[in-house]
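My questions all concern the structure below.
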Amino acid sequence: MSIFSNKRNHQDPVLAGTSGAAGTPDVAATPGTPGAPGTMGTLGPTRSLRRVSGLRAVELGAAAVALFLVLAACFPTLLAPFDPLAINPADSFQGPSSKHWFGTDESGRDIYSRVIHGARPSLLIGAAATAIGVGLALVLGTLAGLGGRWLDFGVGRILEVLFALPGLLLALVFIALAGPGITTSVVAVGLSTAPGYARIIRGQISQVRSSAMVEAAVVLGRRPAQVLFRHILPNALSPVFVLGTLGLGQAVVWASSLSFLGLGAPPPAAEWGAMLAAGRTYLGTAWWMTFFPGVAIVLTAASSTVLGRALQRRVAGR
Amino acid sequence: MNAKNDAVLRVENLNVGFGAVPAVRGVSLSIDRGQCLALVGESGSGKSVTARSLIGLAGDTADVSAERMELGGESLTGLGRRGWRQLRGSKVGFVLQDALVSLDPLRTVGREIEDSLRLRTRLTGAERSRRVLSLLADVGMDDPQLRAGQRSGELSGGLRQRALIASAIALDPALLIADEPTTALDATVQAQILDLLASLRERGTAMLLISHDLAVVGSVADQVAVMTEGRIVEQGPVAQVLGSPQHDYTKKLLRAVPSGHPRGARLSGLPGPSSLSVSYGPAAAKPKAADSGVPQSGAGVPVLAATALAKRFRTPDKTSFTAVDHVSFELGAGETLGLVGESGSGKTTIARIALGLTVPDAGEVRLFGEPWSTLTEKDRRSRRPLIGTVYQDPLSSFDPRLTIGQTLADAATGGRTLNPRGSAKQVKDLLEMVGLPADFARRGPRTLSGGQRQRVAIARALAPRPRILICDEPASALDVSIQAQILDLLDDLQRELGLSYLFISHDLGVVRHMSDRVAVLRRGRIVEQGPAEQLFSAPQHPYTQQLLASSPALEAR
């Protein structure tokens, strides 16, 4: 299903509140021509057009970065000049140069090639973790939003317990129980982001459920399943996809953090968090070993945030 | 008339623009001591912008210019922020429509009023307290001592409005500007506030009253200025302008006021429909009803009958209040039953019970003589097409993700499809039936104006070919000329399709114009019920008499 491809109005108080701060004008607030049937006025050019085009440069930049990252993740060999794992002790600790753009590490591996190759595990971990988090939240949030008072109460208390623990701590506990590795760190990050999404989904669903729109459908004689799938779920869940995009960057940062602590991808692999950890020892002499993987993490998180915001504005501002 | 000396406010050729958009064009006004000038117009006519310009609150983006703008002989043109601040409160008082947001919810009413006294006078604390109490007594507060210690959230709408007026007149300003001061209030409370404004005027305060309600204007003002599109199109004494209007726009506004126009008379001045029967003739409506096994009402069987309905709601503090108490009524085929009452009288609860959305604690609603409110939702579903509803705020009842065409296709096909192409003919006919062009099917609900949305809401309600429409304040949120069009449309549809309406409104004029019979609600009970003309011309119950007396009405012309 393509929630975002259909060009329709969307009304969402949660998101509208945040995007309102970013200066998105409400289309409904622009003066239309009063409803005389003879004078069906069209809306004039609104301020929203100008505002959006003012932000477009940033959004385009973020989209370019995201495109590059996806390309790097899919076809790393196209972009990377060297084998990321090939050891060449003669070339160790070289600073950035025309041959090694980002310099080399302690074993003479090309940092640029490793950063490019690192895109795949990082993005995969981020995407998979977000998918797990949102998926789990969908189940919990829908149960709580639709399942009646006791189920709502039960799920609500579970979420509150999870909220009481910092997300990263939750992830660490899970890894301590399940053992380190890429798979466990994906699941760990997913688990720890789920409560946040779940609570939003629950709120959205219970809000849409009590709206006049649903009442109108009941008055028209619609069956509960029809109301659920036609009105409640699409309206309640579309903001979640926006939040997922926003959360992707955060998941990448978290996954890198776990790798940095030695709990994610094992050392020889080209993974940004692991590269940061390896470079930490040589921070004083070879800054490029930590700087470039760090930049990659920051760019990933920033571009996903900018794109998520842009998406949010489109969805909420229509 | 010694207007030259007495004029409190003189404005000549006021122009206000926002960027390239002119909001007020060449407005000239003059108000004498003890006189009330009413500025009348529909939303967007520039009346509020005019008033705000007079106190320097038109906004930073506004471009205000005037040949002359004088208050009590002093020029207002070229005042700085400081100058305006000195002026507000002491020379001009300002009363806004929504008193709830105009008063600080965290401060007591007494402190709100005392503020301006502390800033602008040399009174001592004790003198200020005494003055606050006497002001509250002046605006007709029952227990000033108690009220001064309360916050705005603890006061009713009418008391809040009084408190706001008290703070506006604390410094005895020469001019009081009241922007829609009674719009959000019930009829009886509105009458009290209007009396209060009239008594202030007798004390010599000049008043600029802004309103869209011609009846209110007629009962308070001496002079009227009619505004549209930023211009004053007609100005003069109330009796003259409302009695023998010269300008077409004034005539149109007056014709649109429903009170005083007999049932069936057209309000909008637009021609009636030409070919409604295209898609929804009374005969064509039958198969649908017959399919679902619903017996057609024989002569004498009411389409909707409520007997001894009761509903109590629990309040957060464990007590309960009775929203509907022993309410019985019958709605005949092709008839309109008006339900009138003030806010909190149980109108909407009755509508919800009639729609099968709220289960009554006692009593029963029968549809075409068969059980309705006692059914389970599952059993009710097959009969739901018989009864539709039109809301006061249609926007929230549309799915924002769907276009108008999809919404109507969904309603017309019983939810089988959202694809407006598959049911293009039905969608087009529905839009045509409510007077909208076919290309509206592609638009989203948010891009429509209030009147257009209400038309779509009516089209959707008619799509399953119901026999009954429950209309809950269907035109209350609309400007008077748009309201006239919607009321006319409902009238036409009823005549063409033989619909029965349960018509709910707080507006006596609207109910009188629309209804064959009327039931008056007070605190969940029907105090009087009868044929509309009889009930309005010779009300029996004291409450009905009070309600009628307090609603300002334009004399029938």
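Out of the stretch B:518-557, which residues are part of a strand (DSSP E or B) and either open to solvent by less than 10 Å² (accessible area, probe 1.4 Å) or closer than 22 Å to B:P302 by Cα (or both)? Give the steps one after another, and end with the answer.
Filtering the stretch B:518-557 for residues part of a strand (DSSP E or B) gives B:518-522, B:525-531.
Once the filter is applied, which keeps residues that are part of a strand (DSSP E or B) and either open to solvent by less than 10 Å² (accessible area, probe 1.4 Å) or closer than 22 Å to B:P302 by Cα (or both), the stretch B:518-557 yields B:V518, B:A519, B:V520, B:L521, B:R525, B:I526, B:V527, B:E528, B:Q529, B:G530, B:P531.
Go through the stretch B:24-46 and report how many residues are open to solvent by 20 Å² or more (accessible area, probe 1.4 Å) and in contact with a strand residue (DSSP E or B) (Cβ under 8 Å, 6 or more places away or on another chain).
In the first step, residues of the stretch B:24-46 are kept if they are open to solvent by 20 Å² or more (accessible area, probe 1.4 Å); the result is B:25-26, B:28, B:30, B:33-35, B:42-44.
Keeping just the survivors that are in contact with a strand residue (DSSP E or B) (Cβ under 8 Å, 6 or more places away or on another chain) gives B:25-26, B:28, B:30, B:33-35, B:42.
Of the residues in that region, 8 qualify.
Let me ask something else about it. Please go through the stretch B:426-464 and give me each residue that is in a loop (DSSP other than H, G, I, E, B), open to solvent by 30 Å² or more (accessible area, probe 1.4 Å) and either within 25 Å of B:P385 (Cβ to Cβ) or more than 11 Å from chain A (Cβ to nearest Cβ) (or both), ordered by number.
Keep residues of the stretch B:426-464 that are in a loop (DSSP other than H, G, I, E, B), which gives B:434-437, B:443-444, B:448-449, B:463-464.
In the following step, the residues that additionally are open to solvent by 30 Å² or more (accessible area, probe 1.4 Å) were identified as B:435, B:437, B:443.
B:G435, the sole residue that qualifies.
Moving on. Restricting attention to the stretch A:95-122, and to residues there that are over 15 Å from A:A296 (Cβ atoms) and in contact with a helix residue (DSSP H, G or I) (Cβ under 9 Å, 6 or more places away or on another chain), which single residue is surrounded by the most Cβ atoms within 10 Å (Cβ to Cβ)?
A:T104
If you don't mind, there's one more thing I want to ask. In the stretch B:192-205, how many residues are open to solvent by 20 Å² or more (accessible area, probe 1.4 Å) and of a type outside the set (D, E, K, R)?
If we filter the stretch B:192-205 for residues that are open to solvent by 20 Å² or more (accessible area, probe 1.4 Å), which is where we start, we get B:192, B:195, B:198-199, B:201-203.
Add one more test, that the residue is of a type outside the set (D, E, K, R), and what stays is B:192, B:198-199.
Adding up the residues that qualify gives 3.
Picking from B:A409, B:A362, which residue would you name as being more than 7 Å from every other protein chain (Cβ to nearest Cβ), touching a strand residue (DSSP E or B) at 6+ places or on another chain (Cβ under 9 Å) and at negative phi?
On the way: B:A409 fails: touching a strand residue (DSSP E or B) at 6+ places or on another chain (Cβ under 9 Å).
Selected residue: B:A362, the only one of B:A409, B:A362 that is more than 7 Å from every other protein chain (Cβ to nearest Cβ), touching a strand residue (DSSP E or B) at 6+ places or on another chain (Cβ under 9 Å) and at negative phi.
Among the residues of the stretch B:78-107, count how many are surrounded by 13 or more Cβ atoms within 10 Å (Cβ to Cβ) and part of a loop (DSSP other than H, G, I, E, B).
Of the residues in that region, 10 qualify.
Among the residues of the stretch B:390-425, write down those that are of a type in the set (S, T, Y), closer than 19 Å to B:L448 by Cβ and more than 33 Å from the chain's Cα centre (by Cα). Break it down into steps so the answer makes sense when it comes.
Residues of the stretch B:390-425 of a type in the set (S, T, Y): B:391, B:396-397, B:403, B:407, B:413, B:417, B:423.
This time we only want the ones that are closer than 19 Å to B:L448 by Cβ, so: B:391, B:396-397, B:403, B:407.
The answer is none; no residue qualifies.
Looking only at helices (runs of 4 or more DSSP H) that fall completely inside the stretch B:108-177, which ones have 1 or more residues that are more than 30 Å from the chain's Cα centre (by Cα) and surrounded by fewer than 19 Cβ atoms within 10 Å (Cβ to Cβ)? Steps first, answer last, please.
Working: elements: B:109-120, B:125-138, B:144-148, B:157-168.
Output list reads B:109-120, B:125-138, B:144-148.
Conditions (1) at pLDDT 90 or above; (2) part of a loop (DSSP other than H, G, I, E, B), marked per residue:
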{"site": "A:M275", "(1), (2)": "no, no"}
{"site": "A:L283", "(1), (2)": "no, yes"}
{"site": "A:T290", "(1), (2)": "no, no"}
{"site": "A:V295", "(1), (2)": "yes, no"}
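Then there is this: Condition first: open to solvent by 60 Å² or more (accessible area, probe 1.4 Å) and either under 15 Å from A:T104 (Cβ atoms) or touching a helix residue (DSSP H, G or I) at 6+ places or on another chain (Cβ under 6 Å) (or both). Now tell me which residues in the stretch A:284-311 satisfy that.
Residues of the stretch A:284-311 that are open to solvent by 60 Å² or more (accessible area, probe 1.4 Å), as a first pass: A:284-285, A:287, A:291, A:298-299, A:309.
Those that are open to solvent by 60 Å² or more (accessible area, probe 1.4 Å) and either under 15 Å from A:T104 (Cβ atoms) or touching a helix residue (DSSP H, G or I) at 6+ places or on another chain (Cβ under 6 Å) (or both): A:T285, A:W287, A:F291, A:L299.
Among residues belonging to the stretch A:235-263 that are within 14 Å of chain B (Cβ to nearest Cβ) and of a type in the set (S, T, N, Q), point out the one that is farthest from A:A301 (Cα to Cα).
Among those that are within 14 Å of chain B (Cβ to nearest Cβ) and of a type in the set (S, T, N, Q), it is A:N235.
Here's a follow-up. Going by what's in this entry, would A:P195 be described as within 13 Å of another protein chain (Cβ to nearest Cβ) and not aliphatic (A, V, I, L, M)? Before the answer, list the steps.
Working: within 13 Å of another protein chain (Cβ to nearest Cβ): no; not aliphatic (A, V, I, L, M): yes.
No: the conditions fail for A:P195.
Follow-up question, since we're still on this one. Name the residue, out of B:S515, B:S500, that is more than 10 Å from chain A (Cβ to nearest Cβ), touching a Lys or Arg at 6+ places or on another chain (Cβ under 7 Å) and surrounded by 20 or more Cβ atoms within 10 Å (Cβ to Cβ). Even if it seems obvious, please write down each step before you answer.
Numbers: B:S515 fails: touching a Lys or Arg at 6+ places or on another chain (Cβ under 7 Å).
Testing whether each residue is more than 10 Å from chain A (Cβ to nearest Cβ), touching a Lys or Arg at 6+ places or on another chain (Cβ under 7 Å) and surrounded by 20 or more Cβ atoms within 10 Å (Cβ to Cβ) leaves just B:S500.
So if I check each of B:L490, B:L508, which one is closer than 23 Å to B:L408 by Cβ and touching a residue at least 24 places away in the same chain (Cβ under 8 Å)?
Numbers: B:L508 fails: closer than 23 Å to B:L408 by Cβ.
Just a single option satisfies the conditions, and that option is B:L490.
Report yes if A:A119 is at pLDDT 80 or above and small (G, A, S), otherwise no. Steps first, please.
Details: at pLDDT 80 or above: yes; small (G, A, S): yes.
Yes: the conditions hold for A:A119.
I'd like the full set of residues that are part of a loop (DSSP other than H, G, I, E, B) and within 14 Å of chain A (Cβ to nearest Cβ), limited to the stretch B:47-74. Spell out how you get there, then give the answer.
Taking the stretch B:47-74 and keeping what is part of a loop (DSSP other than H, G, I, E, B), we get B:54-61, B:66-67, B:72-73.
If the condition is that a residue be part of a loop (DSSP other than H, G, I, E, B) and within 14 Å of chain A (Cβ to nearest Cβ), then B:T61 is the only one that fits.
Could you pull out the residue among B:R416, B:R401 that is free of Cβ contacts under 8 Å to residues at least 24 places away in the same chain, buried (at least 23 other Cβ atoms within 10 Å of the Cβ), among the charged types (D, E, K, R) and within 11 Å of chain A (Cβ to nearest Cβ)?
Answer to the check: B:R401.
If you don't mind, another one. State all residues of the stretch B:31-46 that are of a type outside the set (A, V, I, L, M) and more than 14 Å from chain A (Cβ to nearest Cβ); if no residue qualifies, say none.
Listed by number, the residues that qualify are B:D32, B:R33, B:G34, B:Q35, B:C36.
State whether one or more residues within the stretch B:477-491 are surrounded by fewer than 24 Cβ atoms within 10 Å (Cβ to Cβ), more than 8 Å from chain A (Cβ to nearest Cβ) and more than 23 Å from the chain's Cα centre (by Cα).
Checking the stretch B:477-491: not a single residue is surrounded by fewer than 24 Cβ atoms within 10 Å (Cβ to Cβ), more than 8 Å from chain A (Cβ to nearest Cβ) and more than 23 Å from the chain's Cα centre (by Cα).
Something else about it: Check every one of the helices (runs of 4 or more DSSP H) wholly within the stretch A:125-230 and list those with 3 or more residues that are open to solvent by less than 30 Å² (accessible area, probe 1.4 Å). Step through it out loud before you land on a result.
Details: elements: A:149-164, A:167-178, A:182-209, A:212-219, A:224-227.
Counting at least 3 such residues, we get A:149-164, A:167-178, A:182-209, A:212-219.
If only one of B:S423, B:S373 is crowded, with 22+ Cβ neighbours inside 10 Å, polar (S, T, N, Q) and away from chain A (no Cβ under 11 Å), which one is it? Show your work before the answer.
On the way: B:S373 fails: crowded, with 22+ Cβ neighbours inside 10 Å.
Answer to the selection: B:S423.
Still on this structure, I have one more. Being modelled with pLDDT of 90 or more and not in a helix (DSSP H, G or I) is the filter; apply it to the stretch B:335-356 and report the residue that is nearest to the chain's Cα centre (by Cα).
B:V340
The values are calculated or read from the model by the stated rules, or taken from the named source; none is laboratory data. All figures in this text were calculated on a predicted structure; none of them were measured in a lab. Note: ideal-geometry Cβ built from the backbone for every residue, glycine included; neighbour counts use all protein chains shown. For accessibility, only protein heavy atoms count, side chains too; no ligands or nucleic acids. Shrake-Rupley method; radii C 1.70, N 1.55, O 1.52, S 1.80 Å.
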